[in-house]
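The values are calculated or read from the model by the stated rules, or taken from the named source; none is laboratory data. For clarity, every value in this text was computed on a predicted model and none was experimentally measured. All Cβ positions, glycine included, derive from the backbone under ideal geometry; neighbour counts span all protein chains shown.
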Amino acid sequence: MSFIPRSCHQEIIKVDAIVVGLGPAGATAIRLLSEAGLRVVGLDRAVFPRPKICGGGVSSRAITFLPKGWDEIPHTVSTGVHLIFGDHSPVMFDIGYPIAYQFDRCDFDWFLLDRARLAGGEIRQGETIRSLVWREEKFSLQCDSGPTYESRFLIGADGVTSSVLRFLVKSKRDDSDGARPLKNSSLHMYPAAEVEISTQTTQRLSDVLIDLSSVSGGYGWSFSKSGGKKNVGVVGFVKPLKRPLETLRLFLDTFPEREIFQDSRGSSSAWLIPDYSRFDAHGKIPGLFLIGDAGAMVDPFLGEGIYYALMSAARAASDLILHRTSPEKASRSYAQWAHSIFREFSYAHKLASVVYRFPGIYFRLAQRYPQVLSLYGSVMTGKNDYRSFTRIIGKNLFKLPFRKAVLKFRQNRLLS
């Protein structure tokens, strides 16, 4: 796989679009724009293939955004959900069809980047941004090495701590230049931690496992991967984790399937999940698109990010192609779409506030009505959205005996 070599010349190269970040969102945007005949350059400070622990779970609804050949990447298939709460017997529900695919992020990201290159995208790895400004209706980006790129369109796909957003926040702009005040909304995040563990068996012992009792204000999870590996992690949405790695260690010590772990564990990794509710950077600068984690495209209930990364990349590419002559229209169209996604996230946030604040009540609901777990599958396959999920949970919650439900409510509140 060949890439553009670094250059010592500080020349100015004009392109149709600049993409910063070569993860799933950035690589997808490059591929789609290149397939449409645009000249696109993509940059990242990392060198691929890169090791990456976090993530790897791709919901079934995301498959439509993947290029052909994705099924050749080693992966496992999840068809069911196991819900755990303390010493109670787990509630299990098998959907009967794939709800998620588990990939190694190193292989997954490399595949998407290779497809972007084959489509004609110009790829620069190991590059650090030296300067980035928006002036006279165009972006000018200079790296530590190589030329300066100029374009009317810039796609930020460089994660929750987006350097694109940081540079543009610092950049001085007059109100007369058409840009509205821009804030660094990435300061509001949810910490999470995850580790990849080798097991003593290559058989899939369970599908998606969700533990509601081990993490206050959030949940712990695990899913099986190819090669007898498991990804185990923790996140807090109602109560952000103060020490995510320590919380992960405690979760591993009480993990239901800990007997299958080998003595050696992989290195743990902590990262941040963006808070959509405090993100207001969409549509502020003509020609700017913030996609994936950089655009706070992570749902606040399951923490799913890859689906929204791929979808936001596809939407940004579509708006850019449709409004090539008007960066302002392109950004405004994308911002309207992003805000519609945030409205969907508001229902996911309401659901998280109930489920993770009062997990005992929710678990009891799942015990009585196991089909509630099918809602996870319906969301991950795209058959339902969080609005209908929330409505169904609320409707069934009132079917529980009122007196006992109130006692459970108070008990959960005292424990939280």
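What number of residues within segment 283-318 satisfy the criterion of being under 17 Å from the mean Cα position of the chain (by Cα) and either of a type in the set (Phe, Trp, Tyr) or part of a loop (DSSP other than H, G, I, E, B) (or both)? First the steps, then the outcome.
Going through segment 283-318, the residues under 17 Å from the mean Cα position of the chain (by Cα) turn out to be 289-316.
Restricting the remaining residues to those that are either of a type in the set (Phe, Trp, Tyr) or part of a loop (DSSP other than H, G, I, E, B) (or both) gives 289, 291, 296-305, 307-308.
Number of matching residues: 14.
Taking the criterion of being of a type in the set (Gly, Ala, Ser) and surrounded by 23 or more Cβ atoms within 10 Å (Cβ to Cβ), the residues of segment 215-235 that qualify are 218, 220, 222, 224, 233. In summary, residue 142 fulfils each of the numbered conditions (1) in a loop (DSSP other than H, G, I, E, B); (2) within 27 Å of residue 328 (Cα to Cα) with the single exception of condition (1). Taking the residues in segment 351-374 that are in a helix (DSSP H, G or I) and under 23 Å from residue 58 (Cα atoms) as candidates, determine which candidate is modelled with the lowest pLDDT. For segment 351-374, the residue satisfying everything is 371.
Quick check on this structure: which one of 73, 63 is closer than 16 Å to residue 310 by Cα and either touching a Phe, Trp or Tyr at 6+ places or on another chain (Cβ under 6 Å) or hydrophobic (A, V, I, L, M, F, W, C) (or both)? Let's see the steps before the verdict.
On the way: 73 fails: closer than 16 Å to residue 310 by Cα.
The conditions single out 63.
From the list 377, 382, 305, 295, which residue is over 19 Å from residue 211 (Cβ atoms), crowded, with 22+ Cβ neighbours inside 10 Å and modelled with pLDDT under 95? Let's see the steps before the verdict.
Values: 377 fails: over 19 Å from residue 211 (Cβ atoms); 382 fails: crowded, with 22+ Cβ neighbours inside 10 Å; 295 fails: modelled with pLDDT under 95.
That would be 305, the only listed residue that is over 19 Å from residue 211 (Cβ atoms), crowded, with 22+ Cβ neighbours inside 10 Å and modelled with pLDDT under 95.
Just a yes or no: is a residue in segment 271-283 under 23 Å from residue 135 (Cβ atoms) and of a type in the set (Gly, Ala, Ser)? Yes: one or more hits.
One residue alone among 6, 45, 50, 31 is modelled with pLDDT under 95 and under 28 Å from residue 302 (Cα atoms), and that residue is 50. Of everything in segment 40-78 that's under 18 Å from the mean Cα position of the chain (by Cα) and basic (Lys, Arg), which residue is surrounded by the fewest Cβ atoms within 10 Å (Cβ to Cβ)? Per the stated criteria, the residue is 50. Quick check, is residue 137 at pLDDT 80 or above and more than 24 Å from residue 31 (Cα to Cα)? When the stated conditions are applied, residue 137 passes them. Summed over segment 23-42, residues that are under 22 Å from residue 142 (Cα atoms), touching a Leu at 6+ places or on another chain (Cβ under 6 Å) and of a type in the set (Val, Ile, Thr) total 1. One residue stands out in segment 309-336 among those that are touching a helix residue (DSSP H, G or I) at 6+ places or on another chain (Cβ under 7 Å) and hydroxyl-bearing (Ser, Thr, Tyr): the one that is farthest from residue 28 (Cα to Cα), namely 333.
Report whether or not residue 333 is closer than 29 Å to residue 20 by Cβ, part of a helix (DSSP H, G or I) and outside the structural domain of residue 216 (by TED's automatic domain parsing).
On the way: closer than 29 Å to residue 20 by Cβ: yes; part of a helix (DSSP H, G or I): yes; outside the structural domain of residue 216 (by TED's automatic domain parsing): yes.
Considered against the rule, which asks whether it is closer than 29 Å to residue 20 by Cβ, part of a helix (DSSP H, G or I) and outside the structural domain of residue 216 (by TED's automatic domain parsing), residue 333 comes out as yes.
Entry remark, segment 100-138: residues being part of a strand (DSSP E or B) and within 26 Å of the chain's Cα centre (by Cα) number 9 in total.
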